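Here is the structure we will look at.
The values are calculated or read from the model by the stated rules, or taken from the named source; none is laboratory data. Since the structure is predicted, the reported quantities are computational estimates derived from the model, not experimental observations. All Cβ positions, glycine included, derive from the backbone under ideal geometry; neighbour counts span all protein chains shown. Protein only, heavy atoms only, side chains kept; ligands, DNA and RNA dropped before computing areas. Shrake-Rupley method; radii C 1.70, N 1.55, O 1.52, S 1.80 Å.
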Amino acid sequence: GVCNGDETDPVNCIQEGYSLSFGSVDLTNGVLDIIMNNEGAVAGFQFNIDGLDITDASGGTAEDNDFMISTGGGVVIGFSLTGASIPPGNTVLTQVSFTNAGDELCLSNAILSDPDANSLDVDLGDCFNGFGCMDMSACNYDPNAVVDDGSCAYEYDCEGECGGNAEF
């Protein structure tokens, strides 16, 4: 489970420290994965997702370790009533169901605690903006896009700008 820098599959390749980030995001069905990298045991977590309405969260290592997962507003909270913790890993913490996704989804206000109830420093991954041009033949193709936003452009203007409107 230790990283050597050339992992093709980053899951279970544990990095130093603690982080939360977006995994796969399915805007059509309203589900996304939250990936947690934790070098040590985690006994509780809380995070917000800005830009959508959370309806539920389940699965992942949180459920595998019998955590209670509650959602309300834009927040997800996970804890164990039995004192269990999530062992070190770098994989899906939980899957979040949502509605009303906006143009950008961002993680915020994240709190992770260790088994002694100490707060852990947690890094947050990049915001998710899955909207863009999905046509590979366009000059502004966005390989990260999961929803085509109708922005595809196929011609360069005289300044060399894709989709630009500069004229002589």
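Here are a few things to note about the model shown:
- Scanning segment 29-53 for residues that are of a type outside the set (Asp, Glu), part of a loop (DSSP other than H, G, I, E, B) and within 19 Å of residue 18 (Cα to Cα) gives 40, 41, 43.
- Whenever a residue of segment 58-86 is closer than 16 Å to residue 41 by Cβ, its partners that are open to solvent by 70 Å² or more (accessible area, probe 1.4 Å) and of a type in the set (A, V, I, L, M, F, W, C), lying with C-beta atoms within less than 6 angstrom and at least six residues away or across chains, give the pairs 79/68.
- Segment 101-127 residues that are under 12 Å from residue 36 (Cβ atoms), paired with ones that are assigned to a loop (DSSP other than H, G, I, E, B) (beta carbon under 7 Å, 6 or more apart): 107/125; 110/122; 112/122; 120/114; 123/17
- Members of segment 14-27 that are open to solvent by 10 Å² or more (accessible area, probe 1.4 Å) and in contact (Cβ under 8 Å) with a residue 60 or more places away in the chain: 14, 15, 17, 18, 19, 21, 22, 23, 25, 26, 27
- Candidates 60, 40, filtered to the one that is among the small types (Gly, Ala, Ser) and closer than 18 Å to residue 77 by Cβ: 60
- Unique match (being open to solvent by 80 Å² or more (accessible area, probe 1.4 Å), at pLDDT 95 or above and out of contact with any helix residue (DSSP H, G or I) (no Cβ under 7 Å at 6 or more places or on another chain)) among 108, 119, 113: 119
- In segment 33-51, the residues that are at positive phi and in contact (Cβ under 8 Å) with a residue 40 or more places away in the chain reach residues that are open to solvent by 10 Å² or more (accessible area, probe 1.4 Å) and charged (D, E, K, R) with C-beta atoms within less than 7 angstrom, at least six apart or across chains, in these pairs: 51/104.
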